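Trainee: Input: one structure, supplied below.
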Amino acid sequence: MSLLSVFQWLQATEFATALRESALVYPTVMATHLTGMALFGGMIFLTDLRILGIAMRGTPVSDVVNQFRPWKHAGLTLVATCGIMLAWAKAEFYYHNPFFWAKLILLALVGVHAMVFRKSVYKNTAELDRAPVMPTNAKVAACLSLLLWISILSMGRLIGYYELPVQASVPAPGQQTLLLAPAPR
Amino acid sequence: MLAYDPSTNPLNNNEWSFPLLEIIHIASFAISIGTIFIVDLRLLGIGMRRQSVAQLLKDTAPWTLVSLAIVLMSGPLIFSSDPNLYLHNPGFIFKMEALLVAIVYNYTVHSRVARSNPSPVLGKLVGGISVALWVSVVFGGLFIAFT
């Protein structure tokens, strides 16, 4: 069974079909994805700028990182749940979409980023509070985080702009016609 | 009367300009609304409780303002790509109404109350209204593509 057939099967499930064809639920999931992004993205942005010494300088790094953490987790859970639903609803379109795969690779790099910097930066904030100057690796972590998330956001938006090559959009016999997401204009 | 022809707009004549503008719009709205949400979570008493509301407002306000300015510059540019489409779009009209109320609210009631470190009851009310207003703006914006 090829990966493509898995994605085709996902898209053909009752859940995906109902979601894709709902005039209300599908956009609501997308709007929730964006709202969660504001919650999550705003906190990532401020955490990184705090580590760089640019924003929230009146608040210790430990207070920023530790108090944002549960909300970042909640925001990420919300965004990821909605994101999976959006991709599931149009799985075959996503399979062919290079921006989707680029986004997944960048999200995997976020995991690598967390593994590399968690111990020395994000779980080490008491040390960062005491440091007379912010350690270089913390600043590198903050810059990479900003770069990764802005790239992920960009890929996410570009997913909607990808158009399938003509032959890929021809449905197999008995298979439902592919629904393409037009770029919201 | 001078007629505006959107086909002369550079945004409609370059494949990458429109998506790039949207990315800027989305990133800056995420930061502006996200920074307001941080104050709201504190007003609601469910986040950042080691800081006072006034301190959080002071910490986030410049970033809210700068990102909101970028939102308010990129938005009209997006609008300029096809004014007739937007002016007749219910999602857009709702978004503009909600946005106007949200901005006025944010820079009057919300900031004044946040600066005064309000009682929990007042904080919950003011923070709750703020979240509802900004969520409405986001939903209105998204529904432009679906209405």
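The values are calculated or read from the model by the stated rules, or taken from the named source; none is laboratory data. Just so we're clear, the structure is a prediction, and the values are computed from it rather than from any experiment. In this analysis, Cβ positions are derived from the backbone assuming ideal geometry, glycine residues included, and neighbour counts consider all displayed protein chains.
Conditions tested, residue by residue: (1) touching a Lys or Arg at 6+ places or on another chain (Cβ under 8 Å); (2) closer than 22 Å to residue A:37 by Cα; (3) of a type outside the set (Phe, Trp, Tyr).
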{"residue": "A:64", "(1), (2), (3)": "yes, yes, yes"}
{"residue": "A:97", "(1), (2), (3)": "no, yes, yes"}
{"residue": "A:100", "(1), (2), (3)": "no, yes, no"}
{"residue": "A:107", "(1), (2), (3)": "no, yes, yes"}
{"residue": "A:119", "(1), (2), (3)": "no, no, yes"}
{"residue": "A:133", "(1), (2), (3)": "no, no, yes"}
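Trainee: How many of the residues in the stretch A:58-67 are within 8 Å of another protein chain (Cβ to nearest Cβ) and either under 14 Å from residue A:145 (Cβ atoms) or not small (Gly, Ala, Ser) (or both)?
Mentor: Residues meeting the conditions: 3.
Trainee: If residue A:154 passes every condition in (1) out of contact with any helix residue (DSSP H, G or I) (no Cβ under 6 Å at 6 or more places or on another chain); (2) over 20 Å from residue A:61 (Cβ atoms); (3) at pLDDT 90 or above but one, which one does it miss?
Mentor: It is condition (1) that residue A:154 fails.
Trainee: Let me ask another. Look at residue A:83 and say whether it is touching a Gly at 6+ places or on another chain (Cβ under 9 Å) and away from chain B (no Cβ under 11 Å).
Mentor: Taking the combined requirement at face value, the residue satisfies it.
Trainee: Quick check on residue B:45: is it touching a residue at least 40 places away in the same chain (Cβ under 8 Å), surrounded by fewer than 16 Cβ atoms within 10 Å (Cβ to Cβ) and within 22 Å of residue B:106 (Cα to Cα)?
Mentor: Yes; evaluated as a whole, the condition is true for this residue.
Trainee: Let me ask another. State whether one or more residues within the stretch B:133-147 are under 25 Å from residue A:23 (Cβ atoms), out of contact with any Gly (no Cβ under 7 Å at 6 or more places or on another chain) and away from chain A (no Cβ under 11 Å).
Mentor: Within the stretch B:133-147 (the criterion being under 25 Å from residue A:23 (Cβ atoms), out of contact with any Gly (no Cβ under 7 Å at 6 or more places or on another chain) and away from chain A (no Cβ under 11 Å)), the answer is yes, since at least one residue qualifies.
Trainee: Is the stretch B:48-58 home to any residue that is facing chain A (nearest Cβ under 10 Å) and closer than 28 Å to residue A:154 by Cβ?
Mentor: No - not one qualifying residue is present in the stretch B:48-58.
Trainee: A follow-up question, please. If only one of A:83, A:111 is assigned to a helix (DSSP H, G or I), in contact (Cβ under 8 Å) with a residue 24 or more places away in the chain and of a type outside the set (A, V, I, L, M), which one is it? Walk me through it before giving the result.
Mentor: Details: A:111 fails: in contact (Cβ under 8 Å) with a residue 24 or more places away in the chain.
None of the other options fit; the residue is A:83.
Trainee: Oh, and also: Tally up the residues in the stretch B:69-85 that are within 12 Å of chain A (Cβ to nearest Cβ) and surrounded by 20 or more Cβ atoms within 10 Å (Cβ to Cβ), please.
Mentor: The total comes to 1.
Trainee: Within the set of pairs 6+ apart or on separate chains, which have a first residue in the stretch A:18-47 that is farther than 13 Å from residue A:77 by Cβ and more than 7 Å from chain B (Cβ to nearest Cβ), a second that is part of a helix (DSSP H, G or I) and aromatic (Phe, Trp, Tyr), and C-beta atoms under 6 Å apart?
Mentor: A:19/A:26; A:44/A:149; A:47/A:68
Trainee: Within the stretch A:68-80, which residues are within 14 Å of another protein chain (Cβ to nearest Cβ), under 12 Å from the mean Cα position of the chain (by Cα) and either among the basic types (Lys, Arg) or surrounded by fewer than 20 Cβ atoms within 10 Å (Cβ to Cβ) (or both)?
Mentor: Taking the stretch A:68-80 and keeping what is within 14 Å of another protein chain (Cβ to nearest Cβ), we get A:68-76, A:78-79.
From what is left, the residues that are under 12 Å from the mean Cα position of the chain (by Cα) are A:75-76, A:78-79.
Residues satisfying the conditions are A:76, A:78.
Trainee: Within the stretch B:116-132, which residues are over 25 Å from residue A:36 (Cα atoms) and either within 14 Å of chain A (Cβ to nearest Cβ) or touching a strand residue (DSSP E or B) at 6+ places or on another chain (Cβ under 9 Å) (or both)?
Mentor: Those that are over 25 Å from residue A:36 (Cα atoms) and either within 14 Å of chain A (Cβ to nearest Cβ) or touching a strand residue (DSSP E or B) at 6+ places or on another chain (Cβ under 9 Å) (or both): none in the stretch B:116-132.
Let's see how each residue does on (1) more than 7 Å from chain A (Cβ to nearest Cβ); (2) part of a helix (DSSP H, G or I); (3) hydroxyl-bearing (Ser, Thr, Tyr):
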site	(1), (2), (3)
B:18	yes, yes, no
B:21	yes, yes, no
B:32	yes, yes, yes
B:37	no, yes, no
B:42	yes, yes, no
B:45	yes, no, no
B:63	no, yes, no
